[in-house]
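Notes to accompany the following structure.
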Amino acid sequence: MEYTVQALAHMPAPEIRAIIREGRWTAPTSGLSLGQAQANMIILPLDWAYDFLLYAARNPKPCPILDVTETGDPEPRMIAPGADVRTDLPKYRIWKNGKLIEEPTDIKSLWRDDLVAFMIGCSFSFESALLQAGIGIRHIEENANVPMYLTNIPCKPAGRFSGNMVTSMRPIRHAQVIKAATCTALFPSVHGAPVHIGDPSAIGIKDINKPDFGDAVTVKEDEVPVFWACGVTPQAAVIKSRPPFAITHAPGHMFITDKRDSDYAVF
């Protein structure tokens, strides 16, 4: 059976995870199970886990932690009891010494008893609120992955981890920028308010049409690029800090949790 974003937009999270687990959806997850919070992921050996926990604590804007698994246990019990981080994401990235070596759709054969998974808030989780506010999401409209960029904004180092922030970008009509910023500020656990609005070069982005991750999207004349902190930031830290082994989600290919977006809203 062929699936579309529209067909999966209102499907319950456990059902979508089952489809992903069976290998029937390997595309980005933006627009799926609207209203359910999504999560980025990084898996590290226990020897590196404390350093990353400290890194996330010092950089809560790009790395807001939603759950941490027990060592060797692939079940994210706080955000999706019964789920499995080894099979329930559409695509993974395997890293060795900071180098990307593979992008599989299942990591069961790579799982080890010393691995710890960190589940990190994702900006896809506030997209329902943007849509409800009448603000379009261009990458959904164009059936693309959200564009993401490595910036010159430094993160605070911790232990062996350091690196710069990655941001996601959504073009917003000039008249709706304040509404978009206010709307997303209500979701601090999934990156919250934008970190930059306007000129991409001010945060080190040379060409907005050439994202470092994801796909380029159309920015119209009456729109301004708006940038949010992004949960791909840990991958930039992996590249710079070079842990011997790490597994992450592929950018845009998230874990869909059992939590509602509203569970992370601050009203």
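General remarks:
- For the range 1-73, the set of trypsin sites (Lys or Arg not before Pro) satisfying both a DSSP loop assignment and a count of at most 16 other C-beta atoms within 10 Å is given as ARG24.
- Of the residues ILE203, HIS174, ILE247, the one whose Cα sits farthest toward the positive end of the charge dipole of the range 150-267, with +1 on the Cβ of Lys and Arg and -1 on the Cβ of Asp and Glu, is ILE247.
- Selected from GLY35, GLY72, GLY214 as most flexible by GNM, with the chain as the system and alpha-carbon contacts under 10 Å: GLY72
- Mean separation of Cα contacts under 8 Å (6+ apart) over length of the chain, as relative contact order %: 30
- Residue of GLY252, GLY31, GLY23 that the Gaussian network model of the chain assigns the largest fluctuation, springs spanning Cα pairs under 10 Å: GLY23
- Percent antiparallel among DSSP beta bridges (both partners in the chain, rounded to 5): 100
- Whole-Hz Karplus values for the range 212-224 come out as 6, 9, x, 10, 6, 10, 6, 10, 7, 4, 8, 10, 10 Hz, taken residue by residue from phi with 6.51 cos²θ - 1.76 cosθ + 1.60 and θ = phi - 60°; glycine and proline positions read x.
- In the chain, the DSSP-assigned H stretches of four residues or longer account for a calculated mean residue ellipticity at 222 nm of -5500 deg cm²/dmol, using -39500 (n - 2.57) per stretch and the full residue count as denominator.
- Sequence-ordered 3J(HN,Hα) estimates for the range 36-51 from the Karplus curve with 6.51, -1.76 and 1.60 and θ = phi - 60° stand at 9, 5, 10, 9, 6, 8, 9, 10, 9, x, 3, 4, 9, 5, 5, 4 Hz, glycine and proline given as x.
- For the chain, built as a Gaussian network whose Cα springs stay under 10 Å, the top-fluctuating residue of ALA250, ALA180, ALA202: ALA202
- Annotation: amide H-H contacts under 5 Å for LYS91 (H modelled 1.01 Å from N, sequence separation of 5 or more, or interchain): ALA250.
- Greater than 22 Å apart at Cα, pairs in LYS179/LYS220; LYS61/LYS220; LYS96/LYS206; LYS156/LYS240; LYS61/LYS179: LYS61/LYS220; LYS96/LYS206
- If only the Cβ of Lys and Arg carry +1 and only the Cβ of Asp and Glu carry -1, the dipole of the range 62-209 around its Cα centre is close to 500 debye.
Readers should treat all values here as calculations from the given coordinates under stated rules, not as data from a laboratory. Keep in mind that this is a model prediction, so the values were computed, not measured. Cβ: placed from backbone, ideal geometry, glycine included. Neighbour counts: every protein chain shown.
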